[in-house]
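To keep things clear, I will list the structure first and then write my remarks on it.
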Amino acid sequence: MHTRHVLVVAAALLTLSGCAAIRRQEAASTEQLLAAAGFQMQAADNPERVHDLTAMPPLKIVARSQDNNVRYTFADPYKCRCLYVGGSKEYSAYQHLVTEQQIAQERIWAEEDAMNWGLWGPWYWR
């Protein structure tokens, strides 16, 4: 019975660590796209920025109005402990890059689906 509990706990820990790894990878991909779109990275290197970082929802792009301008921010309190900040122009560029990335991924999937699997023959002939 004790072994069963250990196995259940180990499986749960592996599942959670896998989810965390996926979230870190998605955040890294988002940060690369934000930087390519012109967002400015601001390290949380003073108390005010640390407060801003902890007050924001993590790993989400948030739109805020400031002086009749919309500012977009992305907080990463886990990896870089930084904020990415951009305006409407940068956000539009980010959306364009995300769309390009999705199209490229869909093309890869389509190419894989279009492979002539018939050349390999049925698996049960061996």
TODO: Quick one: in segment 65-96, of everything that is surrounded by 15 or more Cβ atoms within 10 Å (Cβ to Cβ) and part of a helix (DSSP H, G or I), which residue is nearest to the chain's Cα centre (by Cα)?
DONE: Tyr94
TODO: Among the residues of segment 88-109, count how many are of a type in the set (Lys, Arg) and under 21 Å from Asn68 (Cα atoms).
DONE: 1
Open item on the list: Of everything in segment 51-64, what is of a type in the set (A, V, I, L, M, F, W, C) and loosely packed, with under 14 Cβ neighbours inside 10 Å? Give them in sequence order.
Closed with: Ala55, Val62, Ala63
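Each value in this text was obtained by applying a stated rule to the coordinates, not by laboratory testing. Just so we're clear, the structure is a prediction, and the values are computed from it rather than from any experiment. We place every Cβ from the backbone using ideal geometry, glycine too, and count neighbours over all the protein chains shown.
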